[in-house]
Amino acid sequence: AQTVTQSQPEMSVQEAETVTLSCTYDTSESDYYLFWYKQPPSRQMILVIRQEAYKQQNATENRFSVNFQKAAKSFSLKISDSQLGDAAMYFCAYRSNNNNDMRFGAGTRLTVKP
Amino acid sequence: DTAVSQTPKYLVTQMGNDKSIKCEQNLGHDTMYWYKQDSKKFLKIMFSYNNKELIINETVPNRFSPKSPDKAHLNLHINSLELGDSAVYFCASSPSIFYEQYFGPGTRLTVT
């Protein structure tokens with residue numbers, strides 16, 4: 001079974017600075033999807049960014065980008081120019097392309113300091 | 001125009017009761033899911049339906065029974081509630097099993 005590991009339970013960043021959240025996963029599959037979800041205090045789960053494993057190019061969405069290292073099975077999220085509204089729990093998720101199995105990491109709580 | 005909605009948002013009930021949580025999506029998606037998020041924020045998939053057919057049934061107690069009257073709805077019924085059932089339950093949907101999931105706002109269930 002695939003597992004997703006987020007080794008940083010908590011991270012903090014100064015407003016306007018850059019922070020990187022780590023995620024590693026374990027799989028024997030070659031085709032899959034990776035996601036980062038954000039969960040603010042409102043509890044809503046919000047998709048931040050997605051990456052298809054067959055794509056070598058790292059996904060980017062405005063201030064959010066990923067560093068996808070397929071061989072290392074690493075999928076980190078970089079948040080540039082951090083804003084107060086970025087404070088939330090961030091979940092890394094893996095979804096198999098062979099079935100409907102989606103696995104989440106334990107989450108990283110990000111604090112943004114003004 | 002909420003995409004994925006859940007009712008109720010909060011549910012407080014006593015042990016032994018039976019309760020239901022409703023989920024509706026207006027995105028036209030084929031696949032819907034139920035997740036449980038425990039007090040440590042760990043998200044675990046419980047069920048998944050694709051076109052009204054159950055395609056994942058993780059090892060959850062059979063006190064939990066999903067019901068999908070149509071493609072836009074996936075309700076979760078829980079019998080004989082236990083203290084350990086206290087958690088936030090999320091409904092989600094996706095266009096198919098091959099796309100990202102869109103989550104509802106969650107239902108915080110508290111069993112006393």
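Computed from the coordinates by the stated procedures, all read-outs in this text should not be read as laboratory data. Remember, it's a predicted structure, so these values are computed and weren't measured experimentally. When we count neighbours, we look across all protein chains shown, and the Cβ atoms used for this are built from the backbone with ideal geometry, even at glycine.
When you work out D = kT/(6 pi eta Rh) for chain A at 25 °C and 0.890 mPa s, using the Kirkwood radius from C-alpha pairs as Rh and the Stokes-Einstein form, the result is 174 µm²/s.
Counted by Cβ distance under 12 Å from A:GLU10, the other residues give a net charge of +2, where Lys and Arg count +1 and Asp and Glu count -1. For a label point 7 angstrom out from the Cα of B:SER80 toward its Cβ, which stretches of the stretch B:4-44 have the backbone nitrogen within less than 20 Å? Only B:13-21 pass the distance filter. Note on chain B: with charges restricted to the Cβ of Lys and Arg (+1) and Asp and Glu (-1), its dipole about the Cα centre is near 260 debye. Dividing the mean sequence gap of close Cα pairs (under 8 Å, 6+ apart) by how many residues chain B holds gives a relative contact order of 37 percent.
Once divided by 2.2 N^0.38 Å, the Cα radius of gyration of the protein assembly as shown becomes 1.02. Fewest-first ordering of A:VAL19, A:VAL66 by other beta carbons within 10 Å of each residue's beta carbon gives A:VAL19, A:VAL66. For chain B, the normalised intensity computed at q = 0.16, 0.20, 0.21, 0.22 Å⁻¹ comes to -0.65, -1.02, -1.12, -1.22 (log10 of I(q)/I(0), Debye sum over alpha carbons, equal scatterers, no solvent). Taking the Cα centroid of the stretch B:17-44 and of the stretch B:67-110, what is the distance between the two, rounded to the nearest whole Å? Here the answer is 1 Å between Cα centres. Can you pick out the pairs among B:LYS9/B:LYS41; B:LYS22/B:LYS67; A:LYS78/B:LYS36 whose Cα atoms lie more than 19 Å from each other? Violating the 19 Å limit, Cα to Cα: A:LYS78/B:LYS36.
Computed over the Cα atoms of the stretch A:21-88, the ratio of the radius of gyration to the Kirkwood radius (Rg/Rh) comes to 0.99.
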